[in-house]
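Q: Take a look at the following structure, please.
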Amino acid sequence: MKKEQIQENGISRRGFLKRTALAGAAICIAPALEKVTAAEKAITGKSSVSAATIPAGMAAVRAQRTLSSGKAAFTISAMGFGCMGLNHHRSQSPDEKTCIRLIHEAIERGVTLFDTAESYGYHKNEKLVGEALKGYTDRVFVSSKFGHKFVNGVQVKTEEDSTPTNIRRVCENSLRNLGVETLGIFYQHRVDPATPIEVVAETCGELIREGKILHWGMCEVNAETIRRAHKVCPVTAIQSEYHFMHRAVEENGVLALCEELGIGFVPYSPLNRGFLGGMINEYTRFDTANDNRQTLPRFQPEAIRANTRIVEVLNAFGRTRGITTAQVALAWLLNRRPFIVPIPGTTKLSHLEENLRACDIVFTSEEVTELEKAVAAIPVVGSRYDALQESKIQK
Ligand SMILES: NC(=O)c1ccc[n+]([C@@H]2O[C@H](COP(=O)([O-])OP(=O)(O)OC[C@H]3O[C@@H](n4cnc5c(N)ncnc54)[C@H](OP(=O)(O)O)[C@@H]3O)[C@@H](O)[C@H]2O)c1
């Protein structure tokens with residue numbers, strides 16, 4: 001991409017020069033990665049961690065995928081890293097050094113998209129990711145999210161706030177917490193019934209022109225909202241829950257609309273919050289101070305007991321192919337559409353490696369049919385969210 005095109009995209013000359021300088025610094029810090037990587041990201045808005053720089057045999061993501069097209073196009077690793085669970089809502093939280101090391105391992109293994117949000121521990125997760133990305137920010141992208149309402153750091157769970165003032169406030173905080181000049185994608189976390197989506201889209205468009213965000217997206221919105229928003233400012237990705245036990249985006253037309261409009265799709269909680277990894281059973285105890293799964297109907301012991309039959313289907317399918325249940329779940333998503341980029345989270349290198357290896361797994365259409373048929377035969381027990389959380393989801 002030429003410099004004029006960068007300016008057309010709203011990235012200032014000052015930002016460009018600063019980024020290019022930082023790119024040089026990044027090259028010195030970690031020579032293991034290709035030298036062009038940082039500079040190329042600064043110039044093109046694309047990260048180019050190349051498969052050629054990753055040692056052969058290492059569990060890694062070597063493929064890239066492009067979410068959306070034209071000015072909204074965003075090329076990133078075919079699998080991202082969901083950072084939330086490193087220190088928020090997933091029980092075990094390793095010490096900061098371990099989390100940082102894990103993020104560095106993900107970068108070395110080709111991951112170029114790291115997902116966080118203002119609300120994950122109210123800045124706590126963003127700050128951790130910011131620490132981890134020091135020296136790496138010109139080589140990878142971070143997505144963050146706005147829209148939950150906070151008063152003095154405490155979430156007002158009955159309301160959302162996507163007013164332009166709040167979007168801008170969150171953006172500034174996120175940039176500071178993460179230590180980046182530009183966010184890769186800035187998502188609306190949940191719709192705000194009091195703020196028309198056109199106003200949200202317009203505000204995100206302004207942030208793009210100002211060079212504060214590269215792209216924008218929305219979470220858990222319906223097809224009508226996506227159409228309206230996309231008309232005002234092209235949407236790069238929809239981030240909603242999608243996995244074997246929650247296929248709403250296939251039923252409500254969202255996935256089909258993404259395909260029609262050329263918008264990317266980022267499935268969150270792609271392992272159903274760990275359940276499809278096969279390490280949770282009815283006796284699993286979640287940390288009462290740091291895990292929202294204990295409040296979710298689908299994670300009550302009776303539901304877990306019933307739903308374990310689904311994990312067993314994945315296990316039976318994977319056993320003969322030498323792949324784990326988590327790999328079956330992630331590979332299925334990756335095989336669904338070429339514009340899908342899942343963002344599983346983990347606190348463990350072994351799981352990171354296992355998950356990234358799913359990027360190399362290709363299913364035949366017969367295998368997909370067999371798998372889907374077997375899973376569909378088992379009714380899912382328990383809803384994914386409680387009533388208040390579910391009321392925030394657009395149908
Ligand atoms: N937009 C939204 O509204 C929204 C909502 C929720 C989440 N998110 C995003 O999505 C990301 C991922 O979501 P998530 O953490 O809810 O769910 P997830 O990725 O489906 O599951 C994470 C859990 O799975 C376990 N796990 C990971 N790999 C595994 C493997 N190979 N085998 C067995 N267990 C494995 C992890 O435990 P270990 O640490 O033991 O590996 C962790 O507890 C978040 O980090 C966040 O960025 C977005």
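The values are calculated or read from the model by the stated rules, or taken from the named source; none is laboratory data. Just so you know, these numbers come straight off a predicted model, no measurement behind them. Note that each Cβ is placed from the backbone with ideal geometry, even for glycine, and that neighbours are counted across all protein chains shown.
Q: All but one of (1) in contact with a helix residue (DSSP H, G or I) (Cβ under 7 Å, 6 or more places away or on another chain); (2) among the aliphatic types (A, V, I, L, M); (3) in contact (Cβ under 8 Å) with a residue 24 or more places away in the chain; (4) within 16 Å of the ligand (Cβ to nearest atom) hold for VAL221; which doesn't?
A: For VAL221, the exception is condition (1).
Q: Still on this structure, I have one more. All but one of (1) within 15 Å of the ligand (Cβ to nearest atom); (2) part of a helix (DSSP H, G or I); (3) in contact with a Leu (Cβ under 6 Å, 6 or more places away or on another chain) hold for PRO342; state the number of the condition that does not hold.
A: (2)
Q: Which of the residues that make up the stretch 188-207 are in contact with a strand residue (DSSP E or B) (Cβ under 7 Å, 6 or more places away or on another chain) and in a helix (DSSP H, G or I)?
A: The answer is VAL200, CYS204, LEU207.
Q: Going through VAL170, VAL140, VAL151 one at a time, which residue ends up being over 22 Å from GLY217 (Cβ atoms) and hydrophobic (A, V, I, L, M, F, W, C)?
A: VAL151
Q: Can we say ILE340 is of a type in the set (Val, Ile, Thr) and touching a strand residue (DSSP E or B) at 6+ places or on another chain (Cβ under 7 Å)?
A: The answer is yes for ILE340.
Q: Can you name the residue in the stretch 260-294 that is over 20 Å from the mean Cα position of the chain (by Cα) and among the charged types (D, E, K, R) and is also farthest from the ligand (Cβ to nearest atom) among such residues?
A: Here the answer is GLU260.
Q: Looking for whichever is modelled with pLDDT of 95 or more, within 12 Å of the ligand (Cβ to nearest atom) and not polar (S, T, N, Q) here; the options are VAL154, VAL140, VAL129, VAL111. Which one fits?
A: Every option except VAL129 fails the conditions.
Q: Still on this model: Which pairs have Cβ atoms under 7 Å, sit 6 or more apart or on different chains, and link a residue in the stretch 72-92 that is at pLDDT 95 or above to one that is of a type in the set (D, E, K, R) and more than 10 Å from the ligand (Cβ to nearest atom)?
A: THR75/LYS46; ILE76/ARG65; ALA78/ARG65; ASN87/LYS124; HIS88/LYS124; SER91/ASP287
Q: Turning to a different aspect of this structure: Against the definition (at pLDDT 95 or above, in a helix (DSSP H, G or I), in contact with a Gly (Cβ under 8 Å, 6 or more places away or on another chain) and of a type in the set (Lys, Arg)), how does ARG357 come out, yes or no?
A: So ARG357 fails the test.
Q: Which pairs turn up if I take residues in the stretch 233-253 that are touching a residue at least 40 places away in the same chain (Cβ under 8 Å) and look for partners that are among the basic types (Lys, Arg) with beta carbon separation below 6 Å, at least 6 apart in sequence or on another chain?
A: Sorted first by the residue in the stretch 233-253, then by its partner, the pairs are HIS246/ARG384.
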